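Just so it is clear, none of the values below were taken in a lab; they were calculated from the coordinates. Remember, predicted model here, so these are calculated numbers, not experimental data. Counting neighbours? That spans all protein chains shown, and the Cβs are built from the backbone with ideal geometry, glycine included.
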Amino acid sequence: MKTKVLIKHVALLLLSVFVWQNIAIAQERREPREVRLKAGDAVRLLVYDGLFPTDNNKFVSNFHNAEFVVDGLGEIRLYSLGKIKVAGRTADEISELVKEKLKPFTKEPMVITIPLIKLSLKGNFGRPGMYRFNLDESFWQIVEEAGGIGNLSSIEGMYIIRRDEVLYQNFEDAFYNASSLYEMGIESGDELIAPRVNTISLYTIQRYFEFMMSIFIFYFTLQSYRNNR
C-alpha cells in the first residue's frame, strides 16, 4: 500500500513539473521583448514626408519601402548618405538615426523601421535555404515561402536549433493558428528543421509520455479509491 502511494505521489510530482514548465514557457512568450538586429539581418524602411507619401520628393522616395542588409560590421548603407550602425539597436532607435540622415532633405521625415531577421530553413522543405522574415509574419507564411514540406515530413516533428541547442514546441498549433514568429519566440539566426517522419522528435516523445502519465495517475487514483472504500 505504501509503495502505491509513493508511486502516485511521484507521478503527481512529475506531472506538476510538466504543467509548470508549460505555464512558464507560455508566460515567457507573453512577455514583450525587444528585437535587436544582428549582422546578416536586414531592415525595411517606410519613409514619409510628414504624413504624406514621398512622391513629390524624389530623393527621399528612394528610401521608401527599401530593404537594407546589415553587414558584418553591423551597419547598413543608406545609398549616398553613408552608413549607420544598426546592430544591437531596436527598430525605434534605427528610425531616429535614419530621420537624422534625412532631415536636410525634407522638413518632417517620418520613418518606420521593420526588422527582417535571418532564418535558416533546413531539411525536407520544398525550397530550403536562408531567408529573412518580418517577425509579424505567421509561421504558416514561412512554411509556404519555403515551398511547404515534403510528404515524408510532418509539421509536428519540426524543431529549432539555436546556438547548438535543440528546442521543441507545438509547431502544429502554431501552423494552424497562424501564430506569428514573434509570438513563437523565434530569434534571428535560428535554424528551423523539418526532419523526415521516420525521425521521432523529443516533442512527440514528451506528448506520449504525458499521455501515459495521465493513464498511470488515473489508474493509481482509482486503485487508491477502491482500497479506501
Give me the extension gain from N56 to L81: residue separation times 0.36 nm, minus the current Cα-Cα distance, reported in nm with one decimal.
7.1 nm
Mind listing which trypsin sites (Lys or Arg not before Pro) in region 120-188 are in a DSSP loop and have 11 or fewer other Cβ atoms within 10 Å?
R163
For every other residue with a beta carbon closer than 11 angstrom to the beta carbon of Y48, add +1 if it is Lys or Arg and -1 if Asp or Glu, then tell me the sum.
-2
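Rounded, prolate or oblate: which one fits region 42-116, using the alpha carbon gyration tensor with axes a ≥ b ≥ c (rounded when a/c is under 1.5, else prolate when a/b beats b/c, else oblate)?
Values: a/c = 1.85, a/b = 1.71, b/c = 1.08.
Here region 42-116 falls in the prolate category.
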Can you grab the distance from the C-alpha centre of region 33-70 to the C-alpha centre of region 92-119, Å, no decimals?
6
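Add +1 for every Lys or Arg and -1 for every Asp or Glu among the other residues with Cβ under 15 Å from the Cβ of D164, and state the total. It would help to have the intermediate numbers written out before the result.
On the way: positive: K122, R162, R163; negative: E165, E187, D190, E191.
Value of the local net charge: -1.
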